[in-house]
1. Which length gain, in nm to one decimal place, applies between residue 53 and residue 89 when the Cα-Cα distance is subtracted from 0.36 nm times their residue separation?
2. Taking the Cα centre of segment 84-148 as the origin, how large is its charge dipole in debye, to the nearest 20, when only Lys and Arg (+1) and Asp and Glu (-1) carry charge on their Cβ atoms?
3. Averaged per residue, what accessible area in Å² does the chain show with a 1.4 Å probe, protein chains only?
4. Compute the distance from the alpha-carbon center of segment 152-220 to that of segment 1-68, in whole Å.
5. Between residue 35 and residues 5 or more places away or on another chain, which pairs have amide H atoms under 5 Å apart, with H built 1.01 Å from N, and which residues are they?
6. With θ set to phi - 60° and the Karplus curve 6.51 cos²θ - 1.76 cosθ + 1.60, what are the ³J(HN,Hα) couplings of segment 105-112 in order, to the nearest whole Hz, using x for Gly and Pro?
7. Along the Cα→Cβ direction, 7 angstrom out, place labels at residue 60 and residue 119. What is the inter-label distance in nm?
8. Per-residue counts of other Cβ atoms within 10 Å, averaged by peptide: what ranking do you get for 69-78, 121-130, highest first?
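The values are calculated or read from the model by the stated rules, or taken from the named source; none is laboratory data. Quick caveat: nothing in here was measured; it's all calculated off a predicted structure. Heads up, the Cβs are rebuilt from the backbone with ideal geometry, glycines too, and the neighbour counts pull from every protein chain shown. To get the accessible areas, we keep the full protein, side chains included, count just its heavy atoms, and leave off ligands, DNA and RNA. Shrake-Rupley method; radii C 1.70, N 1.55, O 1.52, S 1.80 Å.
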Amino acid sequence: MTTVDLFLSSWAVLRTAVAELAGPDFERPSGCSGWLVRDLACHLIIDAQDVLITLATPVDAEPTRDAVTYWNVVQPPTGDDPLDALTVRLAAAYGDPALLKFHLDDVGSAAGRAAALADPTVRVGTRGEVLTVSDYLGAYVLEWTLHHLDLAAHLPDLAGPPADGLARSRAMLETISGAAFPRSFSDRDALLIGTGRRTPTGPERAELGGPAASLPFVLG
């Protein structure tokens, strides 16, 4: 499966999962600390807008980042980020979850079409960096996968991310962090534990060994 295919499949499955949520589900907590499911859905709309903007921002310069180096290990969020606060206010302003669903489907579908039509070799600019379209979309495979896990964190009946996206995201996290997770860890558990979305059990921490002291690997 190509990078573009992984992006498209991960994004399509995530959008479908949001579309299938019932109204009360939007008031449940998500796997993003301090965010309800509605806040996460609003964040996904902003992500889709970013994809559209970036794909429409060609740059005539050499790449400065790839799908892996797009990400950095950063300090855990403090809750003081103005964009995070804005996202919560925007999500609440929608009122009816059906409006959130409609906007995500509308903008999200457009982002998917733009990705499918883009030349993977073209270079684009985002966050002050330059990437090929292929690498930019590859970076977002990790974004979609982690946020799909966040969406399903307190919705046990919701289908999870595609297996290919989980495997690629785990490999990316291991490269970004420089830590290899034990083979006994599923891709899902490696991502949840590695990014601080789940606390490892005692046996899991022992099996992790040295990397356990560096957890979590918060990406930004």
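1. 10.7 nm
2. Result for segment 84-148 is approximately 60 debye, rounded to the nearest 20.
3. Computed with neighbouring chains in place, this is 48 Å² per residue.
4. Cα centres, segment 152-220 to segment 1-68: 19 Å.
5. Close amide H contacts, sequence-distant or interchain: 30.
6. 5, 5, 6, x, 5, 5, 5, x
7. Here the modelled spin labels are 1.3 nm apart.
8. Top to bottom by mean Cβ count within 10 Å: 121-130, 69-78.
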